[in-house]
């Protein structure tokens, strides 16, 4: 049995859900999201709880069971609260600023990097060296944070670059004479 799949998803106050066939639509204060599950699972809505059960005992049905429950839980969390990724910028002269819908990054290149912020995600720069990526879609927030980080990944000798907050970078020793 799936330890994750057998747990029901409870809806917090202010969040409503509708299940039609294999599609779950969740509405909350942060927005509306939907997810379409495969035919290997059954989704039921009982009052303020959503339960997921596998159809049959096949390996694929058991795989989809836990994944579908996690996706539904992420929908509920996303519309009630928002997902957040925090980034740190380290390096001399490295900084970031948000102007409208564009994130301007100075990362040691000869030019300024302009990153267009997609819809559904907000990027804020409280300090020039700290970024916060927020949104109600967990996959989109993670993808935007990874794309920002890809412009200058942390290098192992001095640690300069864009990293997730709290990320450990293994420091290598420089060459000796």
As a test of the formula, what do you get for the chain when each DSSP H run with n ≥ 4 contributes -39,500 (n - 2.57) and the sum is divided by the residue count, at 222 nm and rounded to the nearest 500 deg cm²/dmol? -6500 deg cm²/dmol
Relative contact order of the range 1-74 (C-alpha contacts under 8 Å, at least 6 apart) in percent is 35 percent
Which FRET efficiency value, to the nearest 0.05, is calculated for residue 19 and residue 122 with the Förster distance at 25 angstrom and r the Cβ-Cβ distance? 0.25
With a cut-off of 8 Å between alpha carbons and a minimum separation of six or more residues, what is the relative contact order of the chain in percent? 18 percent
Under the definition of Cα pairs under 8 Å and six or more residues apart, what whole-number percent is the relative contact order of the range 99-146? 24 percent
What's the ranking of 23-32, 151-160 by average number of surrounding C-beta atoms within 10 Å, highest first? 23-32, 151-160
Determine, for each peptide in 106-117, 122-133, the mean count of other beta carbons within 10 angstrom over its residues, then list the peptides with the highest first. 122-133, 106-117
Among 60-69, 162-171, the order from most to least packed when residues are scored by Cβ within 10 Å on average: 60-69, 162-171
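Every read-out reported here was derived from the displayed coordinates using simple, explicitly stated rules and does not represent laboratory data. Values in this document were obtained by computation on a predicted structure and should not be read as measured data. For neighbour counting, all protein chains shown are included, and Cβ atoms are generated from backbone atoms with ideal geometry for every residue, glycine included.
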